[in-house]
Structure formats: structure tokens, C-alpha cells
Amino acid sequence: MAACEAQELIRARDVGDITRFTSRAHFASWNGTAPIDASSGDQNRHRLSRAGNRRINRVLHIMAVVQLRRDTEGRRYYRRKLAAGKTPMEAIRALKRRLSDIVYRRMTADAKAVRTSPGGHVGATLQSSAADPNPKIGTSEKSLPGPAEPQPRTPLPAAS
């Protein structure tokens, strides 16, 4: 799954307006990729949250698996985490969080590039029909000024 396809899937279904998330950490917490502290005593570890939007989390998981299948930056990141002593599950968890940050950064950049107006449509205003539930009557919907004048017909030539 390409990153832009996943981004469109994420945006279309659940995220909506990305600006409602104040930071990438807020977005990660919402989609369930922010790690939760599961430390006990001297053992310092984290686990993946079971909360959050499961559809988004699944899309991010699929993105991570696809990244691991090919020689990509995601695979190199995963191998660096393994070399740093992380378990395979911890490394995937870190990759999913990184992908979540990338999606957040991309979506915020897209939101800044395309400014939408109050109705949610590009170029819409409060007076336009796209933003107003009751559209204004345009010139095409006005009645004609009066009855049509009869037009004289040219007589048909007489048959001989």
C-alpha cells in the first residue's frame, strides 16, 4: 500500500480535519501507536496501546509490514532498532510510531497547502451554496418577466 493511498484512506474515514490534533504525540495517542509505560521494578519497557482508532492502527501496521518486505528506509529503521537491542515486536512498534509521525506531518502540510472555507469546500464562502444549507436563488431560477409574445409564422407555400 503506497503512503499516499494510506493517507487518503486515513483522511477519508476517520481523521477528518488534522488540525484538531495539537501535536504528533496527540495524533499517535489517538491512533494507538503511542507507547504505554509497562515498567516494573528495574525492568523498563513499553507496550502498544490497545486503545485508539483500530482502523488507523491497522493501516499503519500494514504500512509497516510493507516497509519490511522491501529495502526501504522503514526496513533500515527496523534493523537499526534490532541492532540497538529491541525485540522484533518493539522494533515494529517503533516503526509504526514513526510512520504515524510521517502521516501526521504530511497531512498537516497538505492542510496548510489547501485552505478550505467554512463549508469544507475549497473556495466556499458563507454566501455560497456549497456552505449554505439553503442555497440562494440564482438568475437561472427566476421566472420570466411575462408571457411570451406570439411569433408570426411565415405562411407555407400553397401546394399546386
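The values are calculated or read from the model by the stated rules, or taken from the named source; none is laboratory data. Computed from a predicted structure; not experimentally measured. Cβ atoms come from the backbone with ideal geometry, glycine included; neighbour counts cover every protein chain shown.
Conditions (1) surrounded by 13 or more Cβ atoms within 10 Å (Cβ to Cβ); (2) over 27 Å from Asp17 (Cα atoms); (3) of a type outside the set (D, E, K, R); (4) in contact (Cβ under 8 Å) with a residue 60 or more places away in the chain, marked per residue:
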position: Gln67; (1), (2), (3), (4): yes, no, yes, no
position: Arg75; (1), (2), (3), (4): yes, yes, no, no
position: Arg79; (1), (2), (3), (4): no, yes, no, no
position: Pro88; (1), (2), (3), (4): no, yes, yes, no
position: Arg93; (1), (2), (3), (4): yes, no, no, yes
position: Arg98; (1), (2), (3), (4): yes, no, no, no
position: Ala109; (1), (2), (3), (4): no, no, yes, no
Legend entry - Residue, modelled with the lowest pLDDT, within segment 10-48, restricted to residues that are hydrophobic (A, V, I, L, M, F, W, C) and surrounded by fewer than 18 Cβ atoms within 10 Å (Cβ to Cβ): Ala12
Inset, instruction - List the number of the failed condition for Gln7; all other conditions in (1) modelled with pLDDT of 70 or more; (2) of a type outside the set (A, V, I, L, M, F, W, C); (3) in a helix (DSSP H, G or I) hold. - result: (1)
